[in-house]
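Computed from the coordinates by the stated procedures, all read-outs in this text should not be read as laboratory data. Remember, predicted model here, so these are calculated numbers, not experimental data. Note that we place each Cβ from the backbone using ideal geometry, even for glycine, and neighbour counts take in every protein chain shown.
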Amino acid sequence: MSEIIPEQTLSPRIVKLTTRTGIDIRRTLPHRRLRMIGAWCFVDHYGPTDQQDAMSVAAHPHVGLQTVSWLFEGLIEHRDSLGSIQGVSPGELNIMTAGHGISHSELSLDSASQVHGVQLWTALPDSNRNMKPTFSHHRDLPRFKMDSLVIQLFIGEFMGLRSPAKMYSPLVGAEIDIARHGSAKLNLNADFEYGILLVSGDLGINKSEISFGDLHYIPSGSSDLQLDSVDGAKFVLLGGEPFNEKILMWWNFIGRTQEEIEVMRNDWNSQSERFPKFTDRIGGWIPAPDLPKVRLFPRGNS
Ligand code: MN
């Protein structure tokens, strides 16, 4: 059994993304104290920034995971090796299921004055991780008010409503606004663990204050939590059933063994047909870095 990780606030670390502009990303998962929340295994938060081309990332591959692209401000064009060309705007969801292998690029376009969003990954369970890749875009997502909250549900089920996005393990993902002087009790599924990522404003969770960019973790077993704000806030709620498989996450790949990761890396760096070519307005592709000298092992949650 995995060790129980207590409720705690995780601070982001700053990561330079491989973009032309080199903007800073705040990464909270994976964290040295916590690898995953349900199947959520990667949480990158970028902006707000007025650099319009902040998120220009050339072609790169993914295997064994889903990417979930969610914006608060801005416009990003996604292109991939299935031939998809799809813009994503605030309130819309781009979800790419990499399965056996896909490559994609992301280009932020001029629209709003700011770019601000999250790039999230979920690990696919063993039974689905070799599936054919798929891409989908959703614009009809549940949006509702509850007390001083406005909730936009993009993944899974919450308060009896459901996102149309196809997922492969029990998960939830929602953007939530809390009003100025807002106070609300949020019902939780006690089988889920949760994280709350603060992306603007001030927020108290169970009476403890978190800061911009923090991810507050709540282990499974809680049936509700108390939220309070003075000036109002926006946050992302992520949750899921604890993911009981050990995974090996390296660069843009998720596998189970070092040998699998080596094959993925070689297939990408040799531009094999596992990752069909596509054209975009960025050009070029990002090669995988060298593998570390030490052997990689799959890991559970801590
Ligand atoms: Mn990507």
Sticking with the crude label model, points 7 Å out along Cα→Cβ, report the distance from His181 to Asn130 in nm, one decimal please.
6.0 nm
Computed over the range 30-172, the relative contact order (Cα-Cα under 8 Å, seq sep at least six) in percent reads 27 percent
Cβ-Cβ cut-off under 12 Å around Trp40, Lys and Arg +1, Asp and Glu -1: the net charge is -2
Once the Cα atoms of helix 258-269 and of the chain are each reduced to a long axis, what angle between those two axes, in degrees from 0 to 90 to the nearest 10, is obtained?
70 degrees
Once the Cα gyration tensor of the range 1-122 is diagonalised, semi-axes √(5λ) in Å
25, 19, 12
Kindly identify the range 98-153 as rounded, prolate or oblate by the Cα gyration tensor criterion: order the square roots of the eigenvalues as a ≥ b ≥ c, call it rounded if a/c is under 1.5, otherwise compare a/b with b/c, prolate if a/b is larger, else oblate.
oblate
In cubic angstrom, how much convex hull volume per residue do the alpha carbon atoms of the range 189-253 span?
101 Å³
Based on DSSP H runs of at least 4 residues, each adding -39500 (n - 2.57), what is the mean residue ellipticity at 222 nm of the chain after dividing by all its residues, to the nearest 500 deg cm²/dmol?
-1000 deg cm²/dmol
Whole-Å semi-axes of the chain's equivalent ellipsoid (Cα gyration tensor):
30, 23, 17
Starting from 0.36 nm per residue, how many nanometres of slack lie between Gln226 and Lys277 once their C-alpha separation is accounted for?
13.5 nm
Taking N as its residue count, the alpha carbon Rg of the range 55-148 over 2.2 N^0.38 Å
1.14
Can you give the direction-averaged projected area of the convex hull of the alpha-carbon atoms in the range 116-228, in nm²?
8.0 nm²
What Kirkwood hydrodynamic radius, in Å, does the range 155-302 give when the mean of 1/r is taken over all pairs of distinct Cα atoms and then inverted?
18.5 Å
Average Cα contact separation per residue, the chain, under 8 Å, 6 or more apart, as relative contact order %
20 percent
Taking a ≥ b ≥ c as the square roots of the eigenvalues of the Cα gyration tensor of the range 237-302, is the shape rounded (a/c under 1.5), prolate (a/b larger than b/c) or oblate?
oblate
So which trypsin sites (Lys or Arg not before Pro) in the range 29-73 pass both tests, a DSSP loop state and at most 14 other Cβ atoms within 10 Å of the Cβ?
Arg32, Arg33
